[in-house]
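Presented below is the structure to which this report refers.
Every number here is computed from the coordinates shown, using simple stated rules; none is lab data. Note that the coordinates shown come from a computational prediction; the quantities given were computed from them, not determined experimentally. As a convention, Cβ positions derive from the backbone with ideal geometry for all residues, glycine included, and neighbour counts pool all protein chains shown.
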Amino acid sequence: MTILEAFAPLFAPKTVAVVGASSKGHALPNVFIRRIREFGFAGDIYPIHPAAEEIDGLPAYRTLADTPRPVDYAYIAVSAAQIPAMLSAARGHVRFAQVISSGFGEVEEGRHLQTELVEAARAGGMRLLGPNCLGIYTPRGRVTFTEIGPREVGPIGVVSQSGGLGVDIIRRGLSRGLKFSGLVTLGNCADVTPADLLEFYIADPHTRVIGLYIEAARDGRRLFDILRHARAVKPVVILKGGRTQQGLAAAASHTGSLAGDDRAWVALARQTGSVLVDTLDKLIDTLLIFQTLAPRPQSPTEKVVLFGNGGGTSVLATDYYARLGLDVAPFERPIIDALAALQLPPGTSITNPVDCPVGTLQQDDGRVAERILDIVCARGTPDAVVMHLNLSVFAGRTRPEVLDNLVEAALRVQAKRPGQSHFVLVLRSDGEPVVEARKRAFRDKAVALGIPVYDEMTNAGHSLSALQSYERFLSRRCLVPG
Amino acid sequence: MESMDEDPVSAARRAGRHAIDERAGKRLLSSYGVTVPRSRVVTRVEDVDAAMSALKTPVVVKVMSPDILHKSDVGGVKLHLHSALEVASAIRCMRDDPRIEGARIDGFLIEEMAPAGHELVVGGLRDPQFGPLIMVGLGGIFVEVLKDVSFRLCPISRIDAEEMLAELKGAALLQGARGTTPASIDAIIEVLLNVGGEQGLLMQHAADICEADINPLIVSDTAAIAVDARFILG
């Protein structure tokens, strides 16, 4: 059986069993039943209950072995001690069991119970997810443990050892435009590990980008071997918890396993072309850039043009980008001359970074941007253009369509030269409700056009730097000459 | 001492040792293609003449003893010896040294001295989750104070080895910055691959070697020579 076949029932189950739902309908598993129905799950749902005839309007069954059809996915949230016996009695009737309950290996007194749990899953003939996790979110299978999340199938496959962080990735990713091929929370990883799902996502045709949140990898060697053999065919972004001594102690109490070593993870990233990040925001930012921009190993991102309003912002960003290894080099004379010929209003800086006060940007309702960027892209061949708009300054001074026109201008310039430069948008705000509302509306439009949108120049910078390191890795190691 | 034909790792294991001594460690390195100084072992001063006829001067003499961990701290290393006479006298001095007298002595190692060059450190380490890692750094203060080292998981490829060296902060020194003779980057890369590559020493003995130290690896513009080596088993 291939890895795709092995995990197909998990990502697109035809039958789901739910253990722990009560006939009164208030327990977490009842909420799970409600959510997957709302999410459009069309297969059979089998509540498992020792006594009730019916739960949430569905016929209930006594054990996992009693359901009319075999169970592709079982969601289990009852007290820890009773679960092993339940699994071993399944007699090959269950493909995947996800144990939400805690009280296993993450606490000293639950270690033995976790060993029992793993043995019971093996005896019952199933693969085990968890324990101590929150569930799965799989839009292709219409199963979700979170309240909100995009309904359509996207390109990002995620494995998170932490359940809560998995929720954060989906919820925060939503407004940023992240779309997922699946997200699995694994908790203690007693049986199925991040390496197993990494292997699946690498093979999975829906998945183009992979995100991992890992606290401890007991099978670090296997993870390395899988990544090494994959030859960076898909970008893999790794958020590693427990890299410092203090973080390590927190990780040990969180998932109850030994944490790896920072230098080993740094080495792994360099050798496999994976991107190592250290915060949730960077994980989301980096996944976004890989979702929206096609890596160009033929010419890894180096030359960046900054274009927008805010002189200090441009200067600080230039410094920051230089430290990241991105080159915001001043334009050559011919570009400056061509820009000067546009006779832009005073206060406009026509070298790189191109700093345009709002007065300039709103010329011709924003269409001026097309003339500027045309010159810049035709003669300067930048690898990336970062357009940054400080919306606080636009508010109350310009008509809303100016913003649209600015972005459309950039897209038109880009479309004239396909594959030449990445386009990234930074929408800066001061947090005032009016500005925030305008930013949200505008961001949604841009996201719908497939543009990566960031809150600040720094976020866009480290995301471009991640893209650069991936492109460089491919260009150095994986490009076949000719 | 282990016989010449037995693999030094198995021999040390069989003898119940937790480390491989310098001479056996060098034989192990040599069997993986790493250059080590030519050497002879003598147990008696009378044998020095014969040993020296096979070696080029200058040489170094080192005491070999399972009881002495840091040879140079107890006067167990004598450098820059140019004749059999000087070697014999160095051995007598060591024997009479009160810090060495009481130790079990396996013999005295007479080694050709490596020509001057850049001092590097190549190390190995077994990580509980990832298995063997290889490390490289520039010797002396670069390793000890500045921690200017880079790690990779084994097995490493040629590109990995090149990138390991390139990411050292002191990389420019190897290219001959500050008027020094450039080090042979190719020779260093060969050592890294012989130690940490797919067929390298650390991968082949992953089950037995938990730490390795080649310190120093002396690199001239043509060659890299492992001048001292230690392997910890476990």
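Observations on the structure shown:
- Given A:K234/A:K282; A:K179/A:K282; A:K234/A:K303, the pairs whose alpha carbons are separated by over 20 Å: A:K234/A:K303
- The alpha-carbon atoms of region A:21-83, seen along their principal axes, cover 32, 26, 21 angstrom, with the largest extent given first.
- P(r) weight above 24 Å for chain B, C-alpha pairs, percent: 47
- For region A:291-431: rounded, prolate or oblate by the Cα gyration tensor [a/c cutoff 1.5]: rounded
- DSSP beta bridges confined to region A:304-477 are antiparallel in about 5 percent of cases.
- Counting other Cβ atoms within 10 Å as a rough exposure proxy, the listed residues B:M113, B:M94 run B:M113, B:M94 from fewest neighbours to most.
- ³J(HN,Hα), Karplus 6.51/-1.76/1.60, whole Hz, each residue of region A:311-326, x for Gly, Pro: x, x, 4, 5, 5, 4, 5, 4, 4, 4, 5, 4, 5, 7, x, 9
- Comparing region A:3-129 with the 2.2 N^0.38 Å rule of thumb, its C-alpha radius of gyration ratio is 1.01 (two decimals).
- In chain B, the sites counted are trypsin sites (Lys or Arg not before Pro) in DSSP loop states with at most 13 other Cβ atoms within 10 Å, and the longest stretch holding none of them, exclusive of the sites, is B:148-234.
- For the protein assembly as shown, the Kirkwood hydrodynamic radius from C-alpha pairs, put into Stokes-Einstein at 25 °C and a viscosity of 0.890 mPa s, yields a diffusion coefficient of 83 µm² per second.
- A:Y61 long-range amide H proximity, modeled H, under 5 Å: A:I48, A:H49
- Note on region A:58-184: Kirkwood hydrodynamic radius from all Cα pairs is 15.5 Å, rounded to one decimal.
- If you run the Gaussian network model on chain B, springs between alpha carbon atoms under 10 Å, then out of B:D208, B:D160, B:D127 the most flexible one is B:D127.
- Anisotropy class of region A:53-118 from Cα gyration tensor, a/c 1.5 cut: prolate
- A Gaussian network model of chain B, with springs between Cα atoms under 10 Å, assigns the largest mean-square fluctuation among B:D221, B:D148, B:D67 to B:D67.
- Residue-wise HN-Hα couplings along region A:170-176, as the Karplus relation 6.51 cos²θ - 1.76 cosθ + 1.60 with θ = phi - 60° gives them from phi, are 5, 5, 5, x, 4, 6, 7 Hz; Gly and Pro carry x.
- Peptide A:271-280, shielding by other chains (average Cβ, 10 Å cutoff): 1
- Between A:F331 and A:N352, the built amide H atoms are under 5 Å apart, and every one of these is 5 or more places off in sequence or on another chain.
- Other protein chain Cβ atoms within 10 Å, averaged over every residue that makes up B:150-162: 4
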